[in-house]
Amino acid sequence: MKVRIKFSKNGPLKFIGHLDVMRYFQKAIRRSSIPIAYSEGFNPHQIMSFASPLSVGHTSQGEYMDIEVTSFLGEDEMRERLQGVMAEGIEILKVRLLPAGAGNAMASVAAASYRVTFRPGISLPDHWQEKLAAFYEQEEIPVVKKTKKGEKEINLKESIYDLHIDTNPCPAVCMLLNASSGGNIRPSFVLERFFATLKWELPPYALMVHRLELYRREEERLVPLIWEK
Amino acid sequence: MRKLALRDDILLQVEKPARYIGGEVNAVMKDKEQVAVRFAMCFPDVYEIGMSHLGIQIIYDMMNQFEDVWCERVYSPWVDLDQIMRKEKIPLFALESQDPVRDFDFLGITIQYEMCYTNILQILDLSGIPLLARDRGEQDPVVIGGGPCTYNPEPFCDFFDLIYVGEAETRYRELLDLYKEYKAGGWTRRKFLCRAALIPGIYVPSLYEVIYREDGTIRERIPLEEGIPQIIEKELVKDMTDTYYPLKPVVPFIQVTQDRVVLEIQRGCIRGCRFCQAGQIYRPVRERDVDTLKRYAVEMLKNTGHEEISLSSLSSSDYSRLPELLDYLIEKCGQEKINISLPSLRIDAFSLDVMNRVQDVKKSSLTFAPEAGSQRMRDIINKGLTEEVILEGARLAFEGGWTRVKLYFMLGLPMETQEDIREIAHLCNKIAALFYDTVPREKRNGRVQIVASTSFFIPKPFTPFQWAAQNTKEQFLEKAYLTRTSIAGELNQKSIKYNWHEADASVLEGVFARGDRRLNQVILRAYEKGCLYDAWSEYYRNDVWLSAFSECGVDPDFYTVRERADDEVFPWDFLDCGVSRAFLLREWHRSCRGEVTPNCKERCNGCGASRYGCGICTESGKGAQL
């Protein structure tokens, strides 16, 4: 049986990298005594997969992983057991038993939403908000993206599904971006391209990125990886 | 949510920021307003090394069981953060509260190896605590040292207010109570130190003066206060079962060196190898009750979620209930898919059988530590291991399917000849040849791999070799060269790989091991000149150390290349490690005659540790107690 788990990652734990988050959950699951399934072979490991790695320094309220269990304890019981062994900063938000044949979390991811704020003390170019809106309004945003094979030109506009500015409590850029395995766009990439058009360079570590949700595609609609019943 | 001491942009530019954030599973949080004493416990090396150390976990667990104490952890900032902290004047902080170390009541530093001495100064410096104990006042934390290097604390004694000699489980409560009295009574720091000097196991370096002879050796030590002890006796836990043990050790977020549950099955060693300090200072051997260990193993695995458990001791094969313990662990861990790692096992039929049961089919390498190539040399060092035993172990291993063998040797042992060194090569060759004789051609999968490693022998205090001369760097290198050419001349040389240690750092380690108080200024000078992380070869700067010695007018050779007279007063002689100097001298003389001494299980040799009335010394049928 496959179970999908949604969790958040906040505070100091944003400095734990993806591989260490995986190790953390392997140990947490042992502590929680959840009956996880193990792979066959000489070196059995827990059957566990993560939807989409989160960069070091980013926070999130929409992280997902799938685990395979040998018996299902119920969604609430599992959530409570796991929550009981968490370190401060990671919270188990939801647990959902997946229907048989559901695709795994990583393959399902189509998009991700982010809320990006600027580190205090950074002075941004004048009228950047209006200019960002205009940047997004363009029909086409040709950019050069570095890939494993080299560089290629893409139309960034096609990968931005939504972009708007929220000013409460402080200016934040909210974005819904392509996060599929072939076309993932990082929120910092969008803002770097934008500020480059203003001939202005973002200082290092200027952005505070918070992931809000991960989405999969269902009949052309984007829905969260754990859907409401 | 805890607030971190370091800004995000700093944490994002340093390597492995998780080293500095604390908040790990099982880390202890308390309300600082509700505790009387705040203790910062430091391992002066990088997080991944420090977090792998069992001793700190024991102390952390013990102190945090005290309701009036909050013990937190501190490790050395890595070189990248070190520079940022200096530039931005960010004070060193403890991981749990992220509060500056200088606001704590105590800073405890465990001193596990000589090459960390400059890191001690880094910790003090970044904390904003005066480097020299004599410059500290009532507002500064009490800086206390512990760990194996404190069996000769003199080279770094100026940096410490107190040194705790021996095992930490016994006297900290008393010391903490005294500290509370000091604070409540508004005593001077000096009064506190004088009172602390009366607690057994506590050494207060500033209360003693050392007078040297013209030849540089010690004439006498003078206590500067009335009533303080001339001799400080080590502390030890008499009952290993009825004491503290961390059942909820902190689980790091990042991978550390020892990323597993560590089960300390016993303390001490029966074997009395003459080069080994641990084999002397942790006497007598004390075993932990097997049923307690079983319970600990289950609880610790449950509390940490680790996927591996390791047995810890100086010589696990000597633990009397090992078969029972391993049977239990193999059954438990097999169900839970937990690995068992078994360091420090003698290779014999029993251990190979156990390894077959705990390891998967891909056989990792087996390790032998003959320490010396010739039987003559092994008798001199009292390594109770014969060539027949080594070859029999190797034969069983080859029959069992192992094809990789690691062998550890030392070069520069006392009375070593060129022939002894050539014997290292011969032994490697014999083991390789044995593989080809044992395993038929059709069953072989390529060559056998023999990896021979040599380290350079460094005489340590409280060993029979504390009188011995250490080799010079040139001798070390000649011997490594001879080992290499001898191996190259063997028939099976293609199956043998040879590694050797660097010689420069071994010389410095030897200076510190048997050094005296005059080295404090050299360490301070080297630190001021930029030495740090000397245990990391990429940061070790021998030329800077040499100039620090010469600027201070201290000759490193004085501490290393001299053979000591039987009656020379050593800098560490004021400590009583449980084993008498008379016993060590007897062992030194026996060694010079090539005589072996039986182990504690075979016969009591009257080392002096029986006075503690515990462990193996109280078990009957072990021969006459001397």
If the cut-off is a Cα-Cα distance under 24 Å, which lysines reach B:Lys406, setting aside same-chain residues fewer than 8 apart in sequence? B:Lys362, B:Lys363, B:Lys383, B:Lys430, B:Lys443, B:Lys479, B:Lys494, B:Lys497
HN-Hα J in Hz across the range B:94-101 - Karplus 6.51, -1.76, 1.60, θ = phi - 60°, x for Gly and Pro: 8, 5, 5, 7, 6, 7, x, 4
Provide the net charge surrounding A:Lys9, with neighbours chosen by a C-beta distance below 10 Å and charges set as Lys +1, Arg +1, Asp -1, Glu -1. 0
Quick one: what do you get for the range B:534-626 if you divide its Cα Rg by 2.2 N^0.38 Å? 1.59
If the cut-off is a Cα-Cα distance under 16 Å, which lysines reach A:Lys131, setting aside same-chain residues fewer than 8 apart in sequence? A:Lys157, A:Lys199
One checks the Cα atoms of chain A and finds Rg and Dmax, in Å, of 19.3, 61
Output ³J(HN,Hα) for the range A:166-182: one whole-Hz value per residue in order, computed from phi by the Karplus curve 6.51 cos²θ - 1.76 cosθ + 1.60 with θ = phi - 60°, and x for Gly and Pro. 10, 9, 10, x, 9, x, 9, 9, 9, 9, 10, 10, 4, 10, 6, 4, x
Going toward the positive end of the dipole of the range B:8-233, with +1 on Lys and Arg Cβ and -1 on Asp and Glu Cβ, which of B:Tyr60, B:Leu107, B:Leu224 do you reach last? B:Leu224
Sequence order, the range B:6-17: Karplus ³J(HN,Hα) from phi using 6.51 cos²θ - 1.76 cosθ + 1.60, θ = phi - 60°, Hz rounded, Gly and Pro as x, gives 9, 5, 4, 5, 6, 4, 7, 9, 8, 5, 6, x
Taking 1 over the mean of 1/r across every pair of different Cα atoms in the protein assembly as shown, what Kirkwood radius in Å do you get? 30.4 Å
Relative to the longest principal axis of the C-alpha atoms of chain B, give the angle of the C-alpha long axis of helix B:387-399, reported between 0 and 90° and rounded to the nearest 10°. 80 degrees
In terms of solvent-accessible area of protein heavy atoms at a 1.4 angstrom probe, what is the ranking of B:Thr560, A:Thr70, B:Thr472, highest value first? A:Thr70, B:Thr472, B:Thr560
Which far-off residues, 5 or more places away or on another chain, put their amide H under 5 Å from the one on B:Met41, with H placed in the peptide plane? B:Glu72, B:Arg73, B:Val74, B:Gly108
Helix-only CD estimate at 222 nm, as mean residue ellipticity for chain A, using -39500 (n - 2.57) per DSSP H run (n ≥ 4): -6000 deg cm²/dmol
Whether the range A:83-212 is rounded, prolate or oblate, judged on the alpha carbon gyration tensor where a/c under 1.5 counts as rounded: oblate
Taking N as its residue count, the alpha carbon Rg of the range B:453-513 over 2.2 N^0.38 Å: 1.31
What value, in deg cm²/dmol to 500, does the helix sum -39500 (n - 2.57) over DSSP H runs of n ≥ 4 give at 222 nm once divided by the residues of chain B? -10000 deg cm²/dmol
Heavy-atom accessible area per residue - the protein assembly as shown, 1.4 Å, Å²: 42 Å²
Dipole of chain B [Lys/Arg +1, Asp/Glu -1 at C-beta], most positive-end residue of B:Cys617, B:Pro249, B:Asn499: B:Asn499
Could you bin all the Cα-Cα distances of the range B:118-258 into 5 Å bins starting at 0 and give me the percent of pairs in each, rounded to whole numbers? 2, 8, 16, 18, 19, 16, 11, 6, 3, 1, 0
Over the range B:249-290, equivalent-ellipsoid semi-axes from the Cα gyration tensor in Å: 28, 15, 7
Among DSSP bridges having both ends in the protein assembly as shown, what percentage is antiparallel? Round to the nearest 5. 55 percent
Spin-label model distance (nm) - B:Glu225 vs B:Trp536, 7 Å beyond Cα toward Cβ: 3.9 nm
How tilted is helix B:172-185 with respect to the longest principal axis of chain B? Cα atoms for both, answer in degrees (0 to 90, nearest 10). 10 degrees
Using modelled amide H (1.01 Å from N, peptide plane; none on Pro or chain starts), what sits under 5 Å from the amide H of B:Val25, excluding residues fewer than 5 places away? B:Val251
May I have the count of lysine pairs in the range B:8-233 with C-alpha atoms under 21 Å apart, counting pairs 8 or more residues apart or located on different chains? 8
Buried solvent-accessible surface, both chains (B, A), 1.4 Å probe, Å² to nearest 100: 2600 Å²
Starting from the amide H of B:Asn339, placed 1.01 Å from N in the peptide plane, find each other amide H under 5 Å away whose residue is 5 or more places distant or on another chain. B:Glu308, B:Ile309
Using +1 on the beta carbon of Lys and Arg, -1 on that of Asp and Glu, and nothing else charged, what's the dipole of chain A about the Cα centre, debye to 20? 680 debye
Between the range B:463-479 and the range B:18-67, what's the alpha-carbon centroid distance in Å? 39 Å
How large are Rg and Dmax for chain B when only the alpha carbon atoms are used, in Å? 24.8, 81
Quick one: angle between helix B:581-592 and the longest Cα principal axis of chain B, in degrees between 0 and 90, rounded to 10, please. 30 degrees
Candidate lysines - alpha carbon under 19 Å from A:Lys6, same-chain residues fewer than 8 apart omitted: A:Lys14, A:Lys27, A:Lys94, A:Lys229
Rounded to two decimals, what is the ratio between the C-alpha radius of gyration of the range A:2-102 and 2.2 N^0.38 Å? 1.03
Solvent-accessible area, 1.4 Å probe, carbon plus sulfur percent, for the protein assembly as shown: 49 percent
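The values are calculated or read from the model by the stated rules, or taken from the named source; none is laboratory data. Predicted model only: the values in this text are computed from it and were never measured. No Cβ is skipped: glycine too gets one built from the backbone with ideal geometry, and neighbour counts run over all protein chains shown. Ligands, DNA and RNA are stripped out before the accessible areas are found, and what is left, the full protein with its side chains, is counted by its heavy atoms. Shrake-Rupley method; radii C 1.70, N 1.55, O 1.52, S 1.80 Å.
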